[in-house]
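Every read-out reported here was derived from the displayed coordinates using simple, explicitly stated rules and does not represent laboratory data. Note that the coordinates shown come from a computational prediction; the quantities given were computed from them, not determined experimentally. Cβ placement follows ideal geometry from the backbone for every residue including glycine, while neighbour counts extend to all protein chains displayed.
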């Protein structure tokens, strides 16, 4: 797949749902601690989200890093915009910024 094709595919994925998590593994069975933390934060807030397991798709795994210009996974997108990886999500959650970002995107937070 060309860089343009994978970028178009990723763009479609992040625009399809309000909250999208690219992670290693699945929310039920995460394959790395960082992915697990971000999935737990989203589940704690009861935020509906779509997830994509980059371990099952090498093109997606490489493509998402160049798409966001961010070298690590997990990666969280809210309202089509890249928010960050694990450390950023944890900090934003603890400060309340993450909840605000969800509300700004029209996502219900509990």
Scanning segment 46-78 residue by residue, the ones that are closer than 26 Å to residue 109 by Cβ, in contact with a strand residue (DSSP E or B) (Cβ under 9 Å, 6 or more places away or on another chain) and not in a helix (DSSP H, G or I) total 14
**Report entry** Verdict on residue 73 being touching a helix residue (DSSP H, G or I) at 6+ places or on another chain (Cβ under 6 Å), farther than 18 Å from residue 101 by Cα and either without any contact (Cβ under 8 Å) to a residue 24 or more places away in the chain or crowded, with 18+ Cβ neighbours inside 10 Å (or both)
**Finding:** yes
Given the conditions (1) part of a helix (DSSP H, G or I); (2) touching a residue at least 12 places away in the same chain (Cβ under 8 Å); (3) exposed (fewer than 14 other Cβ atoms within 10 Å of the Cβ), every one holds for residue 108 apart from (1)
Of those in segment 83-105 that are touching a residue at least 40 places away in the same chain (Cβ under 8 Å) and not in a helix (DSSP H, G or I), the residue surrounded by the fewest Cβ atoms within 10 Å (Cβ to Cβ) is 105
Inspect segment 43-52 for any residue being over 18 Å from residue 98 (Cα atoms) and crowded, with 16+ Cβ neighbours inside 10 Å and give the result as yes or no.
yes
